[in-house]
Amino acid sequence: MAYPWGMVRLRAVPRVVLWPVLMVGCTGGEEDRLPRVEDYGSGTGGQSLARGGAWGQGGEPGLGGLRGGGGEGTGGISSETTLHGNLFTTNGFLFRLAGQLFDFSAPAISFDVRADGMGNETVTQRTEAGGGDVEMPGVLESPTTWVLVSSQDEDWYSTWQAVDLTDSSSETLFALTGSDMVGVATDIGATLDPEAAQIILRVQDSRGVARAASAQATGVGDIAYSQTPRFDATGPSDQFGFVVLLNVPAVAEPGEIDLTVTPASGEVIRVPVRVEAGAVTVIRATVPE
């Protein structure tokens, strides 16, 4: 059964080499990165812009900046760890200056969790309906380990997020509910393309406090900015820092595109992001204060 908001059934996700991590704006070697969308003949490359700050605030996913820097990154880490997490489904955006991005509900159905593992492998686990505990040994230990949460039920998006697994903290994992994406699109009069990717970005400072900003990506269909209590097509965002990029060009295999994020300071930051057709990526970007 097809739904207008573009959820996808779980499919095999080919494992490709995860690009190096830590600093936004630093380019790793060609052999260390995911295919870019333009590698498949769709879209164009991002611009080379100012280096961004570090990412990741713990709890909900943050990114460490996805292209390497300072000699660190997933390409140089060869150890594994156990992913400890709690799985939820979203139940609306939370307009807060800090903390979690969504209201959460306990999962009513089974979900499949897939994480980057060692040696270009993936590690998978299925959670039971009503149970959200995740314990996955053999997962890549990295400041930016990508995790995909999927379900056979089309009421939820396949949801990409990145977690910092360099410590033993329990991670908050989630699947985005389709109605949450539909609500954003409805606010700005847009229609979601089921063959495109969707990106939910929250911009914040190094303390985890949200910051007003705008963002752009090559080929993006529409952009929605938080203007509490709704979203608006006119940017920049309000103080809650949400920017939602709708109908982003993507293909059926995980790839990489660049976002350009512009906070109130005016410094333009390049943010490489993993995308996949029919899926949503949820990220936080830390910008200079």
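Can you name the residue in the stretch 147-161 that is polar (S, T, N, Q) and assigned to a loop (DSSP other than H, G, I, E, B) and is also nearest to residue 255 (Cα to Cα) among such residues? Ranking the candidates gives 151 first. For the criterion of being part of a strand (DSSP E or B), open to solvent by less than 40 Å² (accessible area, probe 1.4 Å) and more than 15 Å from residue 280 (Cβ to Cβ), residue 103 fails. Filtered by the rule that a residue be at positive phi and part of a strand (DSSP E or B), the stretch 106-121 gives no residues. Here's a check for you: in the stretch 252-275, which residue that is open to solvent by 10 Å² or more (accessible area, probe 1.4 Å) and of a type in the set (Asp, Glu) is farthest from residue 181 (Cα to Cα)? Of everything passing the filter in the stretch 252-275, 267 is farthest from residue 181 (Cα to Cα). In the stretch 162-213, what residues are of a type outside the set (A, V, I, L, M, F, W, C), in a loop (DSSP other than H, G, I, E, B) and more than 23 Å from residue 258 (Cα to Cα)? Result: 166, 167, 168, 169, 170, 189, 207. Every condition in (1) open to solvent by less than 30 Å² (accessible area, probe 1.4 Å); (2) out of contact with any Ser or Thr (no Cβ under 6 Å at 6 or more places or on another chain); (3) part of a loop (DSSP other than H, G, I, E, B) holds for residue 142 except the one numbered (2).
Residues considered: 159, 122, 144, 172. Of these, the only one that is at pLDDT 95 or above, of a type in the set (S, T, N, Q) and closer than 28 Å to residue 196 by Cβ is 159.
Considering 281, 286, the condition of being buried (at least 22 other Cβ atoms within 10 Å of the Cβ) and either within 28 Å of residue 154 (Cβ to Cβ) or without any contact (Cβ under 8 Å) to a residue 40 or more places away in the chain (or both) is satisfied by 281 alone.
Residue-by-condition table, conditions (1) under 30 Å from residue 179 (Cβ atoms); (2) among the acidic types (Asp, Glu); (3) surrounded by fewer than 17 Cβ atoms within 10 Å (Cβ to Cβ); (4) at pLDDT 90 or above:
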position	(1), (2), (3), (4)
70	no, no, yes, no
88	yes, no, no, yes
98	yes, no, yes, yes
113	yes, no, no, yes
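Restricting attention to the stretch 122-139, the residues that are in a strand (DSSP E or B) and open to solvent by 10 Å² or more (accessible area, probe 1.4 Å) total 9. Among the conditions (1) over 16 Å from residue 96 (Cα atoms); (2) at pLDDT 95 or above, residue 195 misses just one, which is (2). The number of residues in the stretch 212-251 being in contact (Cβ under 8 Å) with a residue 60 or more places away in the chain, surrounded by fewer than 21 Cβ atoms within 10 Å (Cβ to Cβ) and of a type in the set (Ser, Thr, Tyr) comes to 2.
To keep it simple, each residue is scored yes or no on (1) more than 25 Å from residue 150 (Cα to Cα); (2) among the charged types (D, E, K, R); (3) in contact with a strand residue (DSSP E or B) (Cβ under 7 Å, 6 or more places away or on another chain).
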| residue | (1), (2), (3) |
| --- | --- |
| 179 | no, no, no |
| 185 | no, no, yes |
| 230 | yes, yes, no |
| 233 | yes, no, yes |
| 245 | no, no, yes |
| 251 | no, no, no |
| 255 | no, no, yes |
| 270 | yes, yes, yes |
| 288 | yes, no, no |
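Going through (1) under 19 Å from residue 94 (Cβ atoms); (2) hydrophobic (A, V, I, L, M, F, W, C); (3) open to solvent by less than 20 Å² (accessible area, probe 1.4 Å) one by one, residue 209 falls short only on (3).
The values are calculated or read from the model by the stated rules, or taken from the named source; none is laboratory data. Just so you know, these numbers come straight off a predicted model, no measurement behind them. In this analysis, Cβ positions are derived from the backbone assuming ideal geometry, glycine residues included, and neighbour counts consider all displayed protein chains. Please note that ligands, DNA and RNA were not included when accessible areas were found on the heavy atoms of the full protein model with its side chains. Shrake-Rupley method; radii C 1.70, N 1.55, O 1.52, S 1.80 Å.
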